[in-house]
Each structure stands twice: as structure tokens, then as C-alpha cells.
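Since the structure comes first, as C-alpha cells, the remarks are kept for the end.
Values in this text are rule-based calculations from the coordinates and carry no lab data. Keep in mind that what you see is a predicted model, and the values were worked out from it rather than measured. Cβ coordinates were reconstructed from backbone atoms using ideal geometry, including for glycine residues, and neighbour counts include every protein chain displayed.
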Amino acid sequence: MKIEESFIKLCNVNDIPEGKGIRIEINDHDLAIFKVNDKVFVISNICPHNHTAQIFNGHLSGYSITCPVHGWKFDLKTGKTLNNHSNIKTYKTKIVNNILYVNLPNKFFNW
Ligand code: FES
């Protein structure tokens with residue numbers, strides 16, 4: 001199995017509210033998208049604690065997001081945990097003509 005990555009269109013940057021998360025499910029990825037100080041971050045919407053899909057509903061404070069279920073906290077820029085043991089997945093992004101693209105892994109099976 002070969003794994004490649006490609007950028008996929010997610011949404012218009014203007015559709016992301018400042019300081020409040022949104023959720024987009026695409027190609028079997030559940031994503032939480034945030035805009036803080038005009039910077040956009042895409043991380044997994046699945047909390048590594050109980051695998052609940054509630055990160056987009058979390059509490060933002062600066063560049064940290066707190067899961068609303070049990071309070072695990074993560075750095076939006078790095079995905080590193082701020083109060084527990086498991087990090088959260090982050091995704092590379094790019095913005096072209098105000099459209100947000102995310103780099104998602106594609107799996108190719110060659111047998
Ligand atoms: S499910 Fe997120 S902290 Fe428990």
C-alpha cells in the first residue's frame with residue numbers, strides 16, 4: 001500500500017467564524033476548523049481521549065482548544081497536548097483565492 005497526500009478544497013475562509021469551530025467531514029476524515037486572529041487551523045475532530053467527535057465544539061482560548069467532553073486541551077498550531085498524554089492530529093493547509101485547502105492522505109492499494 002502506498003500513501004500519498006494531496007490538497008482538497010474545504011471551504012471559503014469567510015465561512016469560518018472567528019473564535020468558533022466548525023466541523024467538516026470529507027473523504028473519511030472528520031475535521032475541526034478554527035480561525036484565530038485571521039489564521040486558520042485544521043485538526044482532527046476526534047478527541048484522542050474517548051474518540052468523541054466534539055473538538056469543533058470545544059472552548060477556544062488563544063491558540064488552545066479544550067475538548068468539551070472531559071477537558072483535554074491541545075495546541076491548535078502543533079496538536080500537542082497541554083494537559084494530558086495524547087496529541088491530536090493536525091493537517092497542513094493552504095489558502096488560494098480565499099479558499100481553504102487541506103492536505104489529506106490518500107491511500108492507494110496496488111495489489
Ligand atoms: S473525549 Fe475529549 S477529553 Fe474526553
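The slack in the chain from residue 61 to residue 82, taken as 0.36 nm per residue of separation less the alpha-carbon distance, amounts to 6.3 nm. Summary: within the chain, the longest segment free of trypsin sites (Lys or Arg not before Pro) located in DSSP loops with at most 16 other C-beta atoms within 10 Å is 21-76.
Among 83, 45, 27, the residue with the largest mean-square fluctuation in a Gaussian network model of the chain, with springs joining Cα atoms closer than 10 Å, is 27. Here the alpha carbons of segment 16-93 define both size measures, Rg and Dmax, at 11.0, 30 Å. Rounded to the nearest 20 debye, the dipole size of the chain about its Cα centre is 200 debye, using +1 on the Cβ of Lys and Arg and -1 on the Cβ of Asp and Glu. Within the shell of other residues whose beta carbon sits under 12 angstrom from the beta carbon of residue 61, the net charge comes to 0, with Lys and Arg scored +1 and Asp and Glu -1. Calculated FRET efficiency, residue 49 and residue 23, Cβ-Cβ r, R0 22 Å, to nearest 0.05? FRET efficiency, residue 49 to residue 23: 0.80.
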